[in-house]
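As structure tokens, the structure follows; a few thoughts come after it.
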Amino acid sequence: MKPFNKVEFSFPSNSVNEGFARAAVSAFLSQLDPTVADLTDLKTAVSEAVTNAIVHGYRDKIGFVYISVKLFENGKAVVRVRDKGCGIPNIEEAMEPLFTTGGEERAGLGFAVMQSFCDCVRVTSAVGRGTAVTLTKYFEARE
Ligand SMILES: Nc1ncnc2c1ncn2[C@@H]1O[C@H](COP(=O)(O)OP(=O)(O)O)[C@@H](O)[C@H]1O
Ligand SMILES: [Mg+2]
């Protein structure tokens, strides 16, 4: 199925841009006339993925974060958050609740949050090349 609408944008991994990314995705999704709950869920998941790209992907440097949002006729929204940072050596381990390489400041729950708020979370990564997180959510049809 082809998306009926899509948007792509990128920004440097300054932490101030996390709020922009979340708001931009949210503004684009509003054309699906989402419930507040559904919209909040996906915004929260996007926020976690973007924060990971900024904090972990580009640990002590600045690089670009790439976002695409695709909307489908059946109410499906697919958000892809990609970085060209350090990559994840073991994706399965990284996605386990409470696993973190971020030390005391991080709870290790970002992927768990993404999974609980989305219908599907897919992660691909290559060490030294970067990471892509694809978040899929089906929005309730509204009359
Ligand atoms: N974009 C990324 N690039 C590199 N490593 C990542 C990325 N996203 C997640 N990770 C790794 O996965 C771990 C778990 O992520 P997460 O569940 O969000 O917990 P937290 O961010 O609190 O550490 C991170 O600590 C990090 O090691
Ligand atoms: Mg995180």
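The values are calculated or read from the model by the stated rules, or taken from the named source; none is laboratory data. All figures in this text were calculated on a predicted structure; none of them were measured in a lab. Heads up, the Cβs are rebuilt from the backbone with ideal geometry, glycines too, and the neighbour counts pull from every protein chain shown. All accessible areas refer to the heavy atoms of the entire protein, side chains included, with ligands and DNA or RNA removed. Shrake-Rupley method; radii C 1.70, N 1.55, O 1.52, S 1.80 Å.
What the table below lists for this structure:
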read-out: The chain - percent of accessible surface contributed by carbon and sulfur, probe 1.4 Å; value: 50
read-out: Accessible area per residue, Å², the chain with all protein chains present, probe 1.4 Å; value: 56
read-out: Expected 222 nm ellipticity per residue - DSSP helices of 4 or more, -39500 (n - 2.57), all of the chain, to 500; value: -9000 deg cm²/dmol
read-out: Formal net charge of residues neighbouring LEU135 (Cβ-Cβ distance under 14 Å; K, R +1; D, E -1); value: +4
read-out: 24 Å Cα-Cα threshold exceeded, pairs from LYS43/LYS84; LYS6/LYS61; LYS43/LYS76; value: LYS6/LYS61
read-out: Value in Å of the Kirkwood radius, where the stretch 5-138 supplies the Cα pairs that are averaged; value: 14.8
read-out: Whole-Hz ³J(HN,Hα) from phi, Karplus 6.51 cos²θ - 1.76 cosθ + 1.60, for the stretch 85-102, glycine and proline x; value: x, 6, x, 10, x, 9, 5, 4, 5, 4, 7, 5, x, 6, 6, 8, 9, x
